[in-house]
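Colleague: Dropping a structure here in structure tokens format, bear with me for questions.
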Amino acid sequence: MQLAGNRALIAVLRGGIILMMCGQGLSVCAGGWPIFRGNPALTGVAACSLPAKPALLWTYKTSGPVKSSAVIGGGKVFIGSNDGQVHALAFDSGHQLWAFKADSAVQAPPLLANHSVFVGSIDGIFYAIDAADGHQLWKFATEGKILASANAVFSSDGPPHILVGSYDFKLYCFNATNGALVWSYETGNYINGSCAVAGGHAIFGGCDELVHVLDTVTGTKIKEIEAGAYIAASAALAGNRAYFGHYDNEFLCVDLDQGKVVWRYRDLDFPYMAAAAVTDDRVIFGGHDKALHCVDRATGKSLWKFPTGGKVESAPVVAGDKVVFGSDDGFVYMVSLQDGKQLWSYEIGQAVASSPAVADEKIVIGSDDGGVYCFGQKS
């Protein structure tokens, strides 16, 4: 199962966002963050650096906690809120462009593809929204809540296919243009995390304690790999390996070709619920032990650990030599990728479970205080 090559393979322009397959997987070119974790392989690596001391550039207030994470493209920021709305903001100013009213809270991160915003809600409705003006294109009712971001599969001979999981145990595949159901795949329990996409495969974990590998065209099962515990986190893909934590207090590296666990990382007895960031040689992830962890990608050996004052469900993003993430202690942190030393922090005051979106040397992140915050270099 070859998930990525050793050189740039393909560049696809969709809705003003360029996705490029480089090195170990798909990465986002400067100017956009169209999907949760930045690219279809969910590696959480930005194509830009960040200033040494980011300044607050703007804030925007919603009417409920913001547990959703932002996506960025075409000069716009899109993010959900517990106020039951998807908010579209100007990236340069935070000014509201439009707001789409869903039927319930929107905690899932949106997906930006095909000139549309795709996002699920707590009541299990999956929406396609026009990115230009916020009008509804289509919707589909699942039978369980949707907490995770969707992902996209592009082809040269038709519209993209959109993949999203639900608490009704199913992963769905839709035609992006008209919402027609292409296929669905039923697992044995809730699907809490996003599915990663690479090399014609969709890879995701579930609360059935399995890593599922599916063919993206047909939805047929290619492989199941036992993880040993509930998998609430989204898996990150690099090479032919998946990296994710589970509810039984371990973080795993799984070889998808061999169908076996390569290494397990265990520190304190707390679960790992957040998605990881994966670089060429490191894996960085947060835990309910109130810390951010960095381990060697090949061996799982601990390289450093950064303590915070609250659990870390915000998935970290690597930008150059820096790592940025939020914590339930109410802070946004930036630490050194090399040694985990703190470089910067900003106190919001309420929990930050939202994961950062990073583009154009700026950070966009939400908070339980109902705010959306943008940090970067003051002009």
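Computed from the coordinates by the stated procedures, all read-outs in this text should not be read as laboratory data. Given the structure is predicted, the values throughout are model-derived calculations rather than measurements. For neighbour counting, all protein chains shown are included, and Cβ atoms are generated from backbone atoms with ideal geometry for every residue, glycine included.
Colleague: Net charge within 9 Å of Gly124 by Cβ-Cβ distance, Lys/Arg positive one each and Asp/Glu negative one each, not counting Gly124 itself?
Modeller: Local charge sum for Gly124: -2.
Colleague: Right, another one. So what's Rg/Rh here for the stretch 145-267, counting alpha carbon atoms and using the Kirkwood radius for Rh?
Modeller: So for the stretch 145-267, dividing Rg by the Kirkwood Rh gives 0.97.
Colleague: As an exercise, use a Förster radius of 45 Å and the Cβ-Cβ distance of Glu186 and Lys301 to find the FRET efficiency, rounded to the nearest 0.05.
Modeller: 0.75
Colleague: Taking K and R as +1 and D and E as -1, what net charge do the other residues with C-beta under 11 Å from the C-beta of Leu303 add up to?
Modeller: +1
Colleague: Also: Which three numbers, in whole Å and largest first, are the semi-axes of the equivalent ellipsoid of the stretch 132-182 derived from its Cα gyration tensor as √(5λ)?
Modeller: 19, 15, 10
Colleague: How far apart, in nm, are the 7 Å Cα→Cβ label points at Ile222 and Lys170?
Modeller: It works out to 2.3 nm between the two label points.
Colleague: For the chain, just the Cα atoms, rotate onto the principal axes and tell me the three extents in Å, largest first.
Modeller: In descending order, the Cα extents are 49, 48, 38 Å.
Colleague: Taking neighbour Cβ counts within 10 Å as the exposure measure, how do Ser166, Ser336, Ser63 sort from fewest upward?
Modeller: Exposure proxy ranking, most exposed first: Ser63, Ser336, Ser166.
Colleague: Between beta-carbons, use under 13 Å as the cut-off and find the net charge around Trp58, counting Lys and Arg +1, Asp and Glu -1.
Modeller: With Lys, Arg at +1 and Asp, Glu at -1, the neighbours total +2.
Colleague: With point charges of +1 on the Cβ of Lys and Arg and -1 on the Cβ of Asp and Glu, referenced to the Cα centre of the chain, which listed residue (Ile146, Ser336, Met273) lies farthest in the positive direction of the dipole?
Modeller: Ser336
Colleague: Taking 7 Å along the Cα-to-C-beta vector as the label spot, tell me the Asp130-Gln96 distance in nanometres, rounded to one decimal.
Modeller: Computed distance between label sites Asp130 and Gln96 equals 2.0 nm.
Colleague: Follow-up question, since we're still on this one. Expressed in nm to one decimal, what extension gain is obtained for the pair Trp344 and Ala141 from 0.36 nm per residue of sequence separation less their Cα-Cα distance?
Modeller: Taking 0.36 nm per residue and subtracting the Cα distance, the gain is 68.8 nm.
Colleague: Could you calculate the FRET efficiency of Asp267 with Asn178 from 1/(1 + (r/R0)^6), where r is the beta carbon distance between them and R0 is 51 Å, rounded to 0.05?
Modeller: The formula returns an efficiency of 0.60 here.
Colleague: On to the next question. ³J(HN,Hα) across the stretch 361-375 via Karplus (A = 6.51, B = -1.76, C = 1.60, θ = phi - 60°), whole Hz, x for Gly/Pro?
Modeller: 6, 10, 10, 10, 8, x, 8, 5, 7, x, x, 10, 10, 10, 10
Colleague: Collect residues whose amide H, placed 1.01 Å from N in the peptide plane, falls under 5 Å from the amide H of Thr216; neighbours closer than 5 in sequence don't count.
Modeller: Here His201, Ala202 satisfy the definition.
Colleague: Report, in listed order, any pair from Lys311/Lys341; Lys53/Lys341; Lys76/Lys362; Lys67/Lys221 with a Cα-Cα distance greater than 24 Å.
Modeller: Lys67/Lys221
Colleague: Something else: Which residues' amide hydrogens lie under 5 Å from the amide hydrogen of Ala113, considering only partners 5 or more residues apart or on another chain, with H built in the peptide plane?
Modeller: Residues meeting the criterion, in which the H sits 1.01 Å from N, are Phe118.
Colleague: Apply the Karplus parameterisation 6.51 cos²θ - 1.76 cosθ + 1.60, with θ equal to phi minus 60°, to every residue of the stretch 285-298 and state each ³J(HN,Hα) to the nearest whole Hz, in sequence, with x for glycine and proline.
Modeller: 3J(HN,Hα) across the stretch 285-298, in whole Hz: 7, x, x, 6, 7, 6, 9, 9, 10, 10, 10, 5, 5, 6.
Colleague: Which of the peptides 274-286, 99-111 is most tightly packed, and how do the rest follow, judged by the mean count of other Cβ atoms within 10 Å per residue?
Modeller: 274-286, 99-111
Colleague: Let me ask you something else. Distance in nm between label sites at Ser336 and Asp215, each 7 Å beyond Cα in the beta-carbon direction?
Modeller: 5.0
Colleague: Could you give me D for the stretch 173-238, from Stokes-Einstein at 4 °C and 1.567 mPa s, where the hydrodynamic radius is the Kirkwood radius over C-alpha pairs? Units µm² s⁻¹, please.
Modeller: My calculation gives 105 µm²/s for D.
Colleague: Can you list, largest first and rounded to whole Å, the semi-axes you get for the stretch 92-164 by taking the square root of 5 times each eigenvalue of its Cα gyration tensor?
Modeller: 19, 18, 11
Colleague: Which ³J(HN,Hα) values in Hz, rounded to whole numbers, follow from the phi angles of the stretch 264-281 under the Karplus curve 6.51 cos²θ - 1.76 cosθ + 1.60, where θ = phi - 60° and Gly and Pro get x?
Modeller: So the Karplus estimates, Gly and Pro as x, are 10, 10, 9, 10, 8, 8, 9, x, 10, 10, 9, 5, 9, 9, 10, 9, 4, 9 Hz.
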